[in-house]
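*Asks:* My structure is below; once you've seen it, I'll send some questions.
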Amino acid sequence: MEEDLGREPVEMQDDTSEALKEMKEELAEERSEQRQERQSLNFIGLSTAIFSTLAAIAAMQGGYFANEGMLSQIKSSNSWSQFQAKSTKRHIEESNVTILQALQKPVPAKTTNEIDKLNREQQEIGQEARKLQAESAQNLARHELFARSVAALQVGISMGAIAALTRKQTIWYVGLGIATIGIGFMVAGTLPSQEQAISANSQKTGLTQGN
C-alpha cells in the first residue's frame, strides 16, 4: 500500500499562482477604488472652494444693494417731505386767492405766479420721489436674490463637507444641485431688471434724438 505523500508540486504551484493572481486583482481593485475616492475628494474640495468664493461675492453684492436700497428710500422720504411742504405752501396761497376773490379784491400776479411755480416744483419733486421709490424697490429685490444665493451656496458647501466625511457622492450631487440654484439666483441678481433696461433704452433714445 502506497503512502499519501501529499499534493504534487505542480498542483501546489498552480494553487500558489492562483492565489497570487487573486491578490493582484484585489490590490488593483483596491487601488482603483482609492484613486476614484481621491478624485472624488479633489472634486468636492474644488467645488467647495468655488462655491465659497461665489458665496462671498454674492454676500458683498447683497450688502451693496441693501445699502443702495436704504439710501434710495431715505432720499425718497426726504423728497416726499419736500413735496408735502410745497403742497402746504401752495394750499395757503390758494386759500389767500379764495379769500381775495370772496372779498372781490384783485389777486396779485405775484401770488398767481407763486402758485404756478409751487405746482411745477411739486410735480417735479413727486416724480423724483416716485423714481427713488422704484430704485429702492429694485435694489432691495436684487438684495433678496443675492441673499437667497448665499443661503443656497452655503447649503451646497455644507453638503459637500458632509459628503467628504461620509464618502457618499449622492450627498455631493444633491449639494451641487442646490448650489446651482444659488448660482441661478446670483445671475438673476446681477442682470439688470426690466425697469432698468427700459430706462436705459429711453435715455439712449433721448441722447440719439438730441444729437
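*Asks:* Measuring from label point to label point, each 7 Å out along Cα→Cβ, what is the residue 123 to residue 67 span in nm?
*Replies:* 3.8 nm
*Asks:* Another question about this same structure. Quickly work out the residue 41-to-residue 101 label distance, labels modelled 7 Å from Cα along the C-beta direction, and quote it in nm with one decimal.
*Replies:* 8.8 nm
*Asks:* While we're looking at this one, here's another question. With r as the distance between the Cβ atoms of residue 187 and residue 88 and R0 = 41 Å, compute the FRET efficiency 1/(1 + (r/R0)^6) and round to 0.05.
*Replies:* Efficiency at R0 = 41 Å is approximately 0.30.
*Asks:* Among 106-118, 140-152, 66-78, how do they line up by average Cβ neighbours within 10 Å per residue, starting with the highest?
*Replies:* Working: 106-118: 12.7, 140-152: 20.5, 66-78: 16.0.
So the peptides 106-118, 140-152, 66-78, ranked by packing, come out 140-152, 66-78, 106-118.
*Asks:* Here is a further query. Averaged per residue, what accessible surface does the stretch 80-140 expose to a 1.4 Å probe, in Å²?
*Replies:* About 70 Å² of surface per residue is accessible.
*Asks:* Taking the Cβ-Cβ separation of residue 164 and residue 141 as r and a Förster radius of 25 Å, what is the calculated FRET efficiency to the nearest 0.05?
*Replies:* It comes out at approximately 0.10.
*Asks:* Could you work out what % of the accessible surface of the stretch 35-102 is carbon and sulfur, using a 1.4 angstrom probe and leaving DNA, RNA and ligands out of the count?
*Replies:* The nonpolar share, carbon plus sulfur, comes to 60 percent.
*Asks:* Given 0.36 nm per residue, what is the gain on full extension from residue 180 to residue 109 after removing their alpha carbon distance, in nm? Numbers along the way, then the final one.
*Replies:* Values: separation 71, 0.36 × 71 = 25.56 nm, distance 6.71 nm.
Working it through step by step, the gained length comes to 18.8 nm.
*Asks:* Between residue 134 and residue 53, what is 0.36 nm times their sequence separation minus the Cα-Cα distance? Round to one decimal in nm.
*Replies:* Working it through step by step, the gained length comes to 26.1 nm.
*Asks:* Could you tell me the extents of the stretch 53-126's C-alpha atoms along the three principal axes, largest first, rounded to whole Å?
*Replies:* 76, 14, 10
*Asks:* Computing the accessible area with a 1.4 Å probe over protein heavy atoms, can you report the carbon and sulfur percentage for the stretch 132-187?
*Replies:* 70 percent
The values are calculated or read from the model by the stated rules, or taken from the named source; none is laboratory data. Here the structure is a predicted model, which is why all the values come from computation and not from measurement. Glycine also receives a Cβ, built like all others from the backbone with ideal geometry; neighbour counts cover every protein chain displayed. Each accessible area value is taken on the protein alone, full model and side chains, heavy atoms only, with ligands, DNA and RNA left out. Shrake-Rupley method; radii C 1.70, N 1.55, O 1.52, S 1.80 Å.
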